[in-house]
Amino acid sequence: SGRRAVARMIHQGATDDRVWLGVDCAAVTDESLVAAIASMTARTRAAGITLVLEGLDELSEAAQLKLEQITAGNRPVSLHLIASSLQTPATLLQQQRLRPGLASQLSTLVIELPPLSQRRDDIPLLCQSLVEEANAASSKQLRGVAPDCLDQLQAYQWPGNLHELANTVREAHRHAEGAEITISDLPKRLSYAADEARRPAKVQQPIDLEAHLESIESELIQKTLKQAKGNKSRAAQLLGLTRPKLYRRMVQLGLEEAEAPPAKKQRPNHRPRRKLPDLALPEAMLPAFESAGDELPDFIEDLPFEEQPE
């Protein structure tokens, strides 16, 4: 959109004595294009012809070939090309929608217009210009657009860019009954879009899948325990689990407190070995005891256990 506006802007800024020929590339054929250029060449006495191609991205390949042959050949008058497109010539070349020969004959000067949503400050001036155009084509004379109406026009996203804005202003111009265009004159779709913009956008909250599944599992276990009247063995059977596994899962979900491990049994203290008293042998027995060596004398066996030497 906005291709015709660019062509008009260039046309109005021209100072040389040239004839301007606008071509709608979506409707023109190779025969009609050749006929139009030939007719203008034969009739004009100007220094040359400026051919404005509106919608280069919609020009057929056959028409491109004819135009390439015309511009490359000898002509009685100079022929300049100006093209408007939704995409740059480099992009059209990459997509194989533009012949390289024709692309080389176009000017290297590329004027890029950002979307209307990115230049909202231009909307008041564009609206005033469109109102004046509508005034020139109609008996109705309006002085412009009301301020609150301009606010709504600037808040709109304009997916159709300048083309959509022009149609909107023309439609509002036809419906206007006062001295200027008001909100009530605008198409309903703009009011619906304004109402939607005033509503706060819903913020998508992240979903913790693990926590969600745990809550479902916890609720299921509690319902099963209630059904089993608190009997964990019965509840485990209903859930298709073993009782230890159900218990561990309940502890993990916070439904049951973990049992404290059993206290370690302490071994009883051993009674200390009683030390036997030293026996004092009569001096008369010592020579016999010493002569026995490692063999114990027979009389030791007759002594009581408490009185035996270690």
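Looking only at segment 92-114, count every residue that is modelled with pLDDT of 90 or more, open to solvent by less than 80 Å² (accessible area, probe 1.4 Å) and either part of a loop (DSSP other than H, G, I, E, B) or β-branched (Val, Ile, Thr) (or both) and tell me the total. Of the residues in that region, 2 qualify. Taking the condition closer than 30 Å to Leu126 by Cβ, touching a Gly at 6+ places or on another chain (Cβ under 8 Å), hydrophobic (A, V, I, L, M, F, W, C) and modelled with pLDDT of 85 or more, does Val52 pass? Yes, satisfied. For Ala35, state whether it is modelled with pLDDT under 85, surrounded by fewer than 17 Cβ atoms within 10 Å (Cβ to Cβ), over 35 Å from the mean Cα position of the chain (by Cα) and farther than 23 Å from Val110 by Cα. Yes, satisfied. When segment 125-145 is filtered for residues that are in a helix (DSSP H, G or I) and open to solvent by 40 Å² or more (accessible area, probe 1.4 Å), the ones remaining, listed by number, are Leu125, Leu126, Gln128, Ser129, Glu132, Glu133, Ala136.
Are any residues in segment 175-202 open to solvent by 50 Å² or more (accessible area, probe 1.4 Å), modelled with pLDDT under 90 and under 16 Å from Gln154 (Cα atoms), and if so, which ones? Lys188, Arg189, Tyr192, Asp195, Glu196, Ala197, Arg198, listed by residue number.
Condition first: farther than 17 Å from Leu86 by Cα and either in a helix (DSSP H, G or I) or open to solvent by less than 70 Å² (accessible area, probe 1.4 Å) (or both). Now tell me which residues in segment 146-165 satisfy that.
Scanning segment 146-165 gives Ala146, Pro147, Asp148, Cys149, Leu150, Asp151, Gln152, Leu153, Gln154, Ala155, Tyr156.
Annotation note: Cβ proximity below 7 Å between a residue of segment 187-198 that is within 18 Å of Ala166 (Cβ to Cβ) and outside any helix (DSSP H, G or I) and a residue that is at pLDDT 70 or above and open to solvent by 40 Å² or more (accessible area, probe 1.4 Å) (sequence gap 6+ or interchain) occurs for Pro187/Glu171. For segment 203-236, residues that are open to solvent by less than 100 Å² (accessible area, probe 1.4 Å), part of a helix (DSSP H, G or I) and over 15 Å from Arg249 (Cα atoms) total 1.
The values are calculated or read from the model by the stated rules, or taken from the named source; none is laboratory data. In this text the structure is predicted, and so the values were computed from the model without any measurement. We place every Cβ from the backbone using ideal geometry, glycine too, and count neighbours over all the protein chains shown. Ligands, DNA and RNA are excluded from the accessible area calculation, which covers all protein heavy atoms including side chains. Shrake-Rupley method; radii C 1.70, N 1.55, O 1.52, S 1.80 Å.
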